[in-house]
1. Report the residue count in the range A:83-110 for those that are within 10 Å of DNA strand B (Cβ to nearest atom), on the phi < 0 side of the Ramachandran plot and not in a strand (DSSP E or B).
2. Would you check if A:Leu152 is farther than 17 Å from A:Ile51 by Cα and either hydrophobic (A, V, I, L, M, F, W, C) or at pLDDT below 95 (or both)?
3. Looking at A:Arg71, A:Arg117, which one is within 14 Å of DNA strand C (Cβ to nearest atom), at pLDDT 95 or above and either in a helix (DSSP H, G or I) or not hydrophobic (A, V, I, L, M, F, W, C) (or both)?
4. Determine the pairs where a residue that is β-branched (Val, Ile, Thr), located within the range A:129-149, has a partner that is within 7 Å of DNA strand B (Cβ to nearest atom) with Cβ atoms under 9 Å apart, the partner being 6 or more residues away or on another chain.
5. How about the range A:150-175: which of its residues are within 14 Å of DNA strand C (Cβ to nearest atom), closer than 19 Å to A:His96 by Cβ and not basic (Lys, Arg)?
6. Could you check the range A:131-182 and list, in sequence order, the residues that are within 20 Å of A:Asn207 (Cβ to Cβ), within 12 Å of DNA strand B (Cβ to nearest atom), of a type in the set (S, T, N, Q) and assigned to a loop (DSSP other than H, G, I, E, B)?
7. Among the residues of the range A:68-79, how many are farther than 24 Å from A:Leu22 by Cβ and out of contact with any Asp or Glu (no Cβ under 8 Å at 6 or more places or on another chain)?
8. For the list (1) in contact (Cβ under 8 Å) with a residue 40 or more places away in the chain; (2) buried (at least 18 other Cβ atoms within 10 Å of the Cβ); (3) within 11 Å of DNA strand C (Cβ to nearest atom), I need the number of the one condition that A:His96 fails.
Amino acid sequence: MFFLGINKYLFNSISIFEDMVLRREFYARSSKRVAIDLLGKVLVRKVGNKILRGKIVETEAYFGMEDPASRAYGGKKNLNAPMWDKEGTSFVYMVHGNWLFNVITEREGKPSAVLIRALEPVDGKGIMLKNRKKKNPNIFKDKELCSGPGKLTQALAINQSHTGLNVNKKGDIYIEDNKERFEVVRGHRIGVSKDLPEKLRFYIKGNSYISKK
DNA sequence: CATATGATGGACT
DNA sequence: GTCCATCATATGG
């Protein structure tokens, strides 16, 4: 056990943070702030005894009923009710035949969320590739595994059933801390018909695993 | 039951 | 860049 830890420390710079799960308070802030701060952090997915890990390299912030691009727009309904859940709760829903993974921010009763749009694969790339090939057999490069919100849910086998999980504690899905410095690029949210004036898409400058330039 | 709607992905030019 | 398959929901007849 001890030597395993040492090996990870020596040979995998990200693994030394694997026990540092982001606390619930991390998510109890504006979705804009959380979206920026989630960059560089590591999304972990456990499937049986396998572990899949990817560094978050692209996010988008969504607000509540005032945000025309938010799922909460127009008020609470069956489909979007998880938007009103407690901060640090997962919310997965389908758009254009793809499951999209979000984490609820702010606080319970105040709808807002961060969409995870792209990951840089870290651990379990072989399984991610296998999962991706189920829908698209032509995938073979690392950069095609998680470079989009629908791609990463395919790669990590995330679907509707993963709504309502606490990502702030170790379980099937959680997010680990990772101290790493980089520049953040801002842009307008992708694929929304009615966006806000503010740029609410964020990605790590120079990272080649993002969905679009 | 029929049809429209996406916070998309993939194939193609 | 363009086009279209995708599929869980919502909504209307």
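1. Adding up the residues that qualify gives 1.
2. Judged against the criteria, A:Leu152 is not a match.
3. Values: A:Arg117 fails: within 14 Å of DNA strand C (Cβ to nearest atom).
After ruling out the rest, the residue left standing is A:Arg71.
4. From the range A:129-149, the pairs are A:Ile139/A:Arg132; A:Ile139/A:Lys151.
5. Hits for the range A:150-175 are A:Gly150, A:Thr153, A:Gln154, A:Ile158, A:Asn159, A:Gln160, A:His162, A:Thr163.
6. A:Ser147
7. Qualifying residue count, the range A:68-79: 6.
8. (2)
The values are calculated or read from the model by the stated rules, or taken from the named source; none is laboratory data. Please read all numbers here as calculations on a predicted model, not as lab measurements. Counting neighbours? That spans all protein chains shown, and the Cβs are built from the backbone with ideal geometry, glycine included.
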